[in-house]
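*Asks:* I have a structure here, written as structure tokens, and I will follow up with some questions on it.
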Amino acid sequence: MSTIHTTAIIGKNVTLGPDNIIEPYAVIEDGVKLGAGNHIRQGVRICSGTTIGSHNDIHMHAVIGHIPQDLAFKPEPTFTVIGDHNQIREFVSIHRGTKPGSATVIGHHNFIMAYCHLAHNVRLGNKIIMVNNASLTGYCEVDDNAFLSGMTGFHQFTRIGRLALVSALSAVNKDIPPFMICGGRPGVILGMNVVGMRRAGIAAPVRDEIKKAYKLLYRAGLNTSQALEAIRTELHSPEVKHLVEFIETSKRGICDAATSETDTLKPRKTFSGVQSDSGSDDDSEI
């Protein structure tokens, strides 16, 4: 049985699974669907068209599934779909889809910190961390295990690849390939997220292949088509194939590499002051 505070407002035709906790002054609008074991804290508002899985913890005054900030939006049915085991912290805003029948979709085991914003039609994978005030504009896509540092912004339709890491205060207007560290205004590729790959269980031989792909892509003086052809010829791990597919399907193009004034590629420091990878597989990366 769920525990619902007397001051909470529950709309019509709301579906509640067992063992939900709904705290004071929470508002759950008509037709919302909640799975089991969710904790809906004080002042949360969950809007119509929202489906939430199980064991999510939604903190004070978060707004889930409200209408998008899009002048083209018309009051037609759109949706928000959230999976299981997500932490959604204070004052997070997640807006529903903007085109009729479309949805904003959040996966499982994500940690979305205070004041983050996920705009209409965003797609978030699994085990993603968004630090305070990270902001995703419409139609952005974030793949599994990405890390978006605080106060980062992303152009609409931008894609952030698997295990990518974005430094604080960055502004990104192109796609970030998987396994890379990105930072700056505009964001550029600073190196590889070697520590993230290691923590994710990617074996050393595969990390070596990804390193070779990175060098072909960003340090060999090749254009993107030439680099991809070399990577396809020389490297064959599933992770590298995933990297190639991501780049081949990019519509906005991928972020450039960090360069010096003479266009000689150099490692740079991230905004946290930790040096990015310069080709060695050690613990110096974030």
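Computed from the coordinates by the stated procedures, all read-outs in this text should not be read as laboratory data. Note that the structure is predicted; figures quoted are calculated from it, not measured. Here Cβ is always computed from backbone atoms with ideal geometry, including for glycine, and neighbour counts include all displayed protein chains.
*Asks:* Among (1) over 15 Å from the mean Cα position of the chain (by Cα); (2) within 20 Å of ASN132 (Cα to Cα); (3) not acidic (Asp, Glu), there is one condition HIS5 misses while meeting the rest; what is its number?
*Replies:* HIS5 satisfies every listed condition except (2).
*Asks:* Can you name the residue in region 121-137 that is over 8 Å from the mean Cα position of the chain (by Cα) and surrounded by fewer than 20 Cβ atoms within 10 Å (Cβ to Cβ) and is also nearest to GLY196 (Cα to Cα) among such residues?
*Replies:* The extreme case among them is LYS127.
*Asks:* Only one of VAL92, VAL105 is hydrophobic (A, V, I, L, M, F, W, C), over 13 Å from the mean Cα position of the chain (by Cα) and closer than 20 Å to HIS39 by Cα. Can you tell me which? Walk me through how you get there before you give the answer.
*Replies:* Details: VAL105 fails: over 13 Å from the mean Cα position of the chain (by Cα).
On inspection, the qualifying residue turns out to be VAL92.
Here's the yes/no breakdown for (1) crowded, with 16+ Cβ neighbours inside 10 Å; (2) touching a Ser or Thr at 6+ places or on another chain (Cβ under 6 Å); (3) more than 16 Å from GLY153 (Cα to Cα); (4) of a type in the set (Phe, Trp, Tyr):
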{"position": "SER170", "(1), (2), (3), (4)": "yes, yes, no, no"}
{"position": "ILE176", "(1), (2), (3), (4)": "yes, no, no, no"}
{"position": "GLY183", "(1), (2), (3), (4)": "yes, yes, no, no"}
{"position": "ILE189", "(1), (2), (3), (4)": "yes, no, no, no"}
{"position": "ASN193", "(1), (2), (3), (4)": "yes, no, yes, no"}
{"position": "MET197", "(1), (2), (3), (4)": "yes, no, yes, no"}
{"position": "ALA200", "(1), (2), (3), (4)": "no, no, yes, no"}
{"position": "ALA213", "(1), (2), (3), (4)": "yes, no, yes, no"}
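*Asks:* Something else about it: Taking ILE82, is it aliphatic (A, V, I, L, M), in contact with a Pro (Cβ under 8 Å, 6 or more places away or on another chain), closer than 23 Å to LEU136 by Cβ and surrounded by 15 or more Cβ atoms within 10 Å (Cβ to Cβ)? Before you say what the answer is, go through the steps one by one.
*Replies:* Details: aliphatic (A, V, I, L, M): yes; in contact with a Pro (Cβ under 8 Å, 6 or more places away or on another chain): no; closer than 23 Å to LEU136 by Cβ: yes; surrounded by 15 or more Cβ atoms within 10 Å (Cβ to Cβ): yes.
Considered against the rule, which asks whether it is aliphatic (A, V, I, L, M), in contact with a Pro (Cβ under 8 Å, 6 or more places away or on another chain), closer than 23 Å to LEU136 by Cβ and surrounded by 15 or more Cβ atoms within 10 Å (Cβ to Cβ), ILE82 comes out as no.
*Asks:* Could you run through region 33-50 and say how many residues are in contact with a Ser or Thr (Cβ under 7 Å, 6 or more places away or on another chain), surrounded by fewer than 20 Cβ atoms within 10 Å (Cβ to Cβ) and not in a loop (DSSP other than H, G, I, E, B)? Please lay out each step first, then the result.
*Replies:* Here is the first cut: in region 33-50, the residues in contact with a Ser or Thr (Cβ under 7 Å, 6 or more places away or on another chain) are 33-38, 49-50.
The next check asks that each one be surrounded by fewer than 20 Cβ atoms within 10 Å (Cβ to Cβ); those that pass are 33, 36-37.
Narrowing further to those that are not in a loop (DSSP other than H, G, I, E, B): 33.
Matching residues across region 33-50 total 1.
*Asks:* So which residues in region 176-211 are in a loop (DSSP other than H, G, I, E, B), more than 18 Å from SER250 (Cβ to Cβ), touching a residue at least 12 places away in the same chain (Cβ under 8 Å) and out of contact with any Phe, Trp or Tyr (no Cβ under 9 Å at 6 or more places or on another chain)?
*Replies:* Residues of region 176-211 that are in a loop (DSSP other than H, G, I, E, B), as a first pass: 177-179, 184-187, 193, 200-203.
Okay, now just the ones that are also more than 18 Å from SER250 (Cβ to Cβ), so 184-185, 193, 200-203.
Checking the rest, the ones that are also touching a residue at least 12 places away in the same chain (Cβ under 8 Å) come to 184-185, 193, 200, 202.
Once the filter is applied, which keeps residues that are in a loop (DSSP other than H, G, I, E, B), more than 18 Å from SER250 (Cβ to Cβ), touching a residue at least 12 places away in the same chain (Cβ under 8 Å) and out of contact with any Phe, Trp or Tyr (no Cβ under 9 Å at 6 or more places or on another chain), region 176-211 yields ARG185, ALA200.
*Asks:* Continuing with the same structure: Residues in region 56-75 that are part of a loop (DSSP other than H, G, I, E, B) and either surrounded by 17 or more Cβ atoms within 10 Å (Cβ to Cβ) or of a type in the set (A, V, I, L, M) (or both): how many? Full working, then the answer.
*Replies:* First, pick out the residues of region 56-75 that are part of a loop (DSSP other than H, G, I, E, B): 56, 59-62, 67-75.
Filter once more, so that each one left must be either surrounded by 17 or more Cβ atoms within 10 Å (Cβ to Cβ) or of a type in the set (A, V, I, L, M) (or both): 56, 59-62, 67-68, 71-73.
Of the residues in region 56-75, 10 are part of a loop (DSSP other than H, G, I, E, B) and either surrounded by 17 or more Cβ atoms within 10 Å (Cβ to Cβ) or of a type in the set (A, V, I, L, M) (or both).
*Asks:* Kindly list the number of the only condition in (1) surrounded by 23 or more Cβ atoms within 10 Å (Cβ to Cβ); (2) more than 18 Å from CYS140 (Cβ to Cβ); (3) in contact with a strand residue (DSSP E or B) (Cβ under 6 Å, 6 or more places away or on another chain) that fails for ARG219.
*Replies:* Here ARG219 meets the rest and fails (1).
*Asks:* Within region 212-240, restricting attention to residues that are part of a helix (DSSP H, G or I) and among the aliphatic types (A, V, I, L, M), which residue is farthest from ILE160 (Cα to Cα)?
*Replies:* Start the filter on region 212-240 by keeping residues that are part of a helix (DSSP H, G or I), which leaves 212-218, 224-234, 238-240.
Okay, now just the ones that are also among the aliphatic types (A, V, I, L, M), so 213, 216-217, 227-228, 230-231, 240.
Values: ALA213: 18, LEU216: 20, LEU217: 17, ALA227: 20, LEU228: 19, ALA230: 23, ILE231: 20, VAL240: 16 Å.
In this case the residue turns out to be ALA230.
*Asks:* Kindly indicate which of THR224, THR249, THR233 is without any contact (Cβ under 8 Å) to a residue 24 or more places away in the chain and within 28 Å of PHE157 (Cβ to Cβ).
*Replies:* Details: THR224 fails: without any contact (Cβ under 8 Å) to a residue 24 or more places away in the chain; THR233 fails: within 28 Å of PHE157 (Cβ to Cβ).
Checking each option against the conditions leaves just THR249.
*Asks:* Looking for something surrounded by 24 or more Cβ atoms within 10 Å (Cβ to Cβ) and either of a type in the set (D, E, K, R) or part of a loop (DSSP other than H, G, I, E, B) (or both) - is there at least one such residue anywhere in region 241-259? Even if it seems obvious, please write down each step before you answer.
*Replies:* Within region 241-259, the first condition is being surrounded by 24 or more Cβ atoms within 10 Å (Cβ to Cβ), and the residues that meet it are 243, 255.
This time we only want the ones that are either of a type in the set (D, E, K, R) or part of a loop (DSSP other than H, G, I, E, B) (or both), so: 255.
The answer is yes; a qualifying residue exists.
*Asks:* Same structure, new question: For SER149, indicate whether it is more than 26 Å from VAL244 (Cβ to Cβ) and over 14 Å from the mean Cα position of the chain (by Cα).
*Replies:* Numbers: more than 26 Å from VAL244 (Cβ to Cβ): yes; over 14 Å from the mean Cα position of the chain (by Cα): no.
Taking the combined requirement at face value, the residue does not satisfy it.
*Asks:* Here is a follow-up. Based on this model, can you work out whether LEU118 counts as under 11 Å from the mean Cα position of the chain (by Cα) and farther than 24 Å from GLU245 by Cβ? Lay out the reasoning, then the answer.
*Replies:* Working: under 11 Å from the mean Cα position of the chain (by Cα): yes; farther than 24 Å from GLU245 by Cβ: yes.
For LEU118, the condition - under 11 Å from the mean Cα position of the chain (by Cα) and farther than 24 Å from GLU245 by Cβ - is met.
*Asks:* How about region 76-103: which of its residues are of a type in the set (Ser, Thr, Tyr) and either assigned to a loop (DSSP other than H, G, I, E, B) or touching a His at 6+ places or on another chain (Cβ under 6 Å) (or both)?
*Replies:* Quick first cut of region 76-103, residues of a type in the set (Ser, Thr, Tyr) only: 78, 80, 93, 98, 102.
Once the filter is applied, which keeps residues that are of a type in the set (Ser, Thr, Tyr) and either assigned to a loop (DSSP other than H, G, I, E, B) or touching a His at 6+ places or on another chain (Cβ under 6 Å) (or both), region 76-103 yields THR78, SER93, THR98, SER102.
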